[in-house]
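Report on the following structure.
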Amino acid sequence: MAKKDAPPRWDSGMQQRLARGEAAALGELYDRFASLVHGLAHRVLGDEPAADALTREVFAHVWQHPDAYDPRQGPLRTWVATLTHRLAVRRLRATEAAALTDGGAGSPEELERKVRRASVAARADFIVHSLPAPLRAALELAYFQRRDYRQTAADLGVTEEEARRRLRLGLQLLATAHDPAGPGAPPPGHKGAA
Amino acid sequence: MSGRDRPAPRPGQRADTDAGAPGPAHDVLKSLLGAWALAACSPGEAAAVEEHLGGCGDCAEEALRLRAAVGLLHPPESLDLDPGLRTRILESCLERRPARVPVPAWAAPYDAETARLDALLQDIRDSDWHAPVRLRWFEGEAAASRRTTVAGVIAHLMSVDGLVAVALGLADPLADAAAGRPTPAARTEAYWRAAPRPPTRSVRAPWRSQTHALVRTVSRTGGAAGADDSPEAATVPYGGFELPLRDALLDRAFECWVHAEDIADAVAYPYDPPAPRHLHGMIDLAARMLPGVLAERRRAGLAAPGRARHLVTAGAPGRSLRLEIEGSGGGQWLIPLDAPGAVGSADHEVAHVALDGVEFCHLAAGHLTPREAAAGQRGDREAIRDVLYAAASLSRM
């Protein structure tokens with residue numbers, strides 16, 4: 001996606017405009033990140049109204065604390081995803097804990113397992129979303145369209161060896177979602193593997 | 001990638017030394033692990049990989065890891081983000097921290113309609129961009145149309161939005177191709193012609209980036225506190241007529257909605273009308289433009305001559321038609337019939353037309369002929385006919 005490769009200049013420009021209180025900047029921020037935020041929120045919370053509410057919370061947070069983001073720390077996109085992840089996991093834990101004290105079924109261990117599973121799933125979504133387009137295209141063909149790697153190679157116009165490499169590298173990157181990193185760890189770099 | 005470097009392949013290591021059977025080399029089997037985990041290799045290759053895993057700890061470990069990763073692949077979530085969510089979220093943000101540089105109220109319909117169309121474009125498939133669309137409008141006494149595609153419609157919107165961009169001092173998306181082509185239709189044809197290939201989905205990004213630039217620019221120049229009441233410096237020439245900036249942006253919001261409906265029809269998606277207050281502004285703009293169009297049609301011999309018994313001077317009350325728009329966003333307008341400068345007057349009401357708001361907009365967009373418009377009518381039939389035809393003549397390519 002072209003959006004992903006927007007220069008960091010866009011990030012710092014956006015941060016300054018938000019800090020200046022430009023409503024048009026808030027609109028542009030929403031247009032760029034709403035589907036990412038809502039998708040991650042939905043993956044963690046598994047519920048449409050909760051995802052809507054969390055999306056509202058995320059954008060309100062960014063708008064009310066424009067200085068919380070420092071462009072030197074990395075892309076705005078990653079920062080927004082990390083914030084979403086953190087707030088979503090917090091909300092899930094709070095809802096589940098409330099259900100537990102209300103005498104709902106389950107145990108604190110199950111709660112933690114559920115939170116961890118949701119957290120990994122959301123991290124995986126973000127990784128897939130952030131994969132370089134050639135890797136994502138290969139995974140999409142092989143997984144969602146059930147093409148074998150030879151067909152995938154033909155569809156993409158690459159060698160069979162390259163198709164095998166992309167599928168393996170894509171999964172290796174995706175597998176890092178399981179690594180014990182902090183919630184919403186930034187996506188892994190795309191170099192140095194395989 | 002998070003410090004997990006693969007062990008370097010051991011030189012000369014082959015699958016047969018591991019598994020005791022002839023087969024592809026270790027490196028080849030290893031390169032197959034991704035495809036294997038996705039069940040995307042041949043049965044023979046899968047069997048060879050599985051046999052190899054029994055004897056190669058590194059590969060076995062990676063295989064487990066990749067299989068687990070496959071379990072994390074899900075179809076993307078929430079492709080259909082509720083378009084109304086944007087307005088609700090932005091409003092709630094602005095309540096918590098008011099904007100120092102607000103989007104002017106008159107630019108809000110354009111901001112909302114472009115966002116709604118963009119959300120539709122986000123959802124459609126690649127092939128949908130080439131779905132045929134027939135642009136329809138009304139010319140003189142008859143319906144006119146022009147064939148294009150979904151991508152062609154976005155190119156059309158971008159070309160005509162470019163008129164506003166130029167008036168604001170922004171770059172013209174047509175660049176040199178714009179010379180000598182001041183009207184929306186001529187600009188669109190020029191853009192389509194100048195493109196080396198028919199437009200594709202790649203037109204979405206420049207269209208969207210221009211819509212953002214327009215909202216950003218009018219916010220900075222026209223939205224400062226109090227400036228809402230000051231006259232706009234800029235007018236936007238459409239080649240033949242011009243509109244004040246705020247009306248031009250309202251007109252562009254209207255066109256954006258109308259063409260979003262064209263696109264939604266072409267790809268069989270549902271599409272709602274604009275928010276009532278935005279719809280109201282669009283109807284109001286059309287109602288304000290009617291007297292001028294009526295006079296133009298009269299000059300061209302397309303409408304009955306004015307029948308004022310006395311000369312109607314500008315600002316004086318004149319013979320009027322009551323336009324009653326039903327539904328959300330509706331209201332009542334008195335349209336002066338005999339001179340654009342006259343003031344609509346209830347005392348001089350000679351006819352009454354009642355119409356649903358969305359239906360009126362479809363008439364003004366040329367998507368509905370005056371004959372088809374199911375209007376409740378009372379009074380002077382000639383005046384009613386003239387006004388309905390004038391409404392249809394508001395449309396253009």
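Reported count of residues in region B:80-107, each being more than 7 Å from every other protein chain (Cβ to nearest Cβ) and either touching a Ser or Thr at 6+ places or on another chain (Cβ under 8 Å) or at positive phi (or both), is 2.
Yes/no per residue for (1) of a type in the set (Lys, Arg); (2) under 30 Å from residue B:131 (Cβ atoms); (3) touching a Pro at 6+ places or on another chain (Cβ under 7 Å); (4) modelled with pLDDT of 90 or more:
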| site | (1), (2), (3), (4) |
| --- | --- |
| B:159 | no, yes, yes, yes |
| B:169 | no, no, no, yes |
| B:175 | no, yes, no, no |
| B:187 | yes, yes, no, yes |
| B:190 | no, yes, no, yes |
| B:197 | yes, yes, no, no |
| B:201 | yes, yes, no, yes |
| B:209 | no, yes, no, yes |
| B:213 | no, yes, no, yes |
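Restricting attention to region A:54-77 and to residues that are in contact (Cβ under 8 Å) with a residue 12 or more places away in the chain and farther than 22 Å from residue B:100 by Cβ, the residue that is nearest to the other protein chains (Cβ to nearest Cβ) turns out to be A:55. Residue B:335 passes every criterion in (1) surrounded by fewer than 22 Cβ atoms within 10 Å (Cβ to Cβ); (2) outside any helix (DSSP H, G or I) apart from (1).
A single entry from B:358, B:353 fulfils the requirement of being among the β-branched types (Val, Ile, Thr), over 27 Å from residue B:314 (Cβ atoms) and within 33 Å of the chain's Cα centre (by Cα): B:358.
Among residues of region A:8-25 that are touching a residue at least 12 places away in the same chain (Cβ under 8 Å), those with a beta-carbon under 7 Å from a residue that is surrounded by fewer than 17 Cβ atoms within 10 Å (Cβ to Cβ) and of a type in the set (D, E, K, R) at least six positions away or on a different chain give the pairs A:19/A:67.
Checked against (1) out of contact with any helix residue (DSSP H, G or I) (no Cβ under 8 Å at 6 or more places or on another chain); (2) at pLDDT below 95, residue B:222 passes all but a single condition, namely (1). Take the conditions (1) within 14 Å of chain A (Cβ to nearest Cβ); (2) in contact with a Phe, Trp or Tyr (Cβ under 9 Å, 6 or more places away or on another chain); (3) crowded, with 21+ Cβ neighbours inside 10 Å; residue B:123 misses just one of them, which is (3).
Being at pLDDT 85 or above, under 37 Å from the mean Cα position of the chain (by Cα) and either assigned by TED's automatic domain parsing to the domain that holds residue B:389 or not aliphatic (A, V, I, L, M) (or both) holds for only one residue in B:303, B:346, B:364, B:374, and it is B:364. Residues that are more than 8 Å from every other protein chain (Cβ to nearest Cβ), in a loop (DSSP other than H, G, I, E, B) and modelled with pLDDT of 95 or more: does region A:161-170 have at least one? For region A:161-170, residues more than 8 Å from every other protein chain (Cβ to nearest Cβ), in a loop (DSSP other than H, G, I, E, B) and modelled with pLDDT of 95 or more: absent.
The values are calculated or read from the model by the stated rules, or taken from the named source; none is laboratory data. Predicted model only: the values in this text are computed from it and were never measured. Glycine gets a Cβ as well: all are built from the backbone with ideal geometry, and neighbour counts include every protein chain shown.
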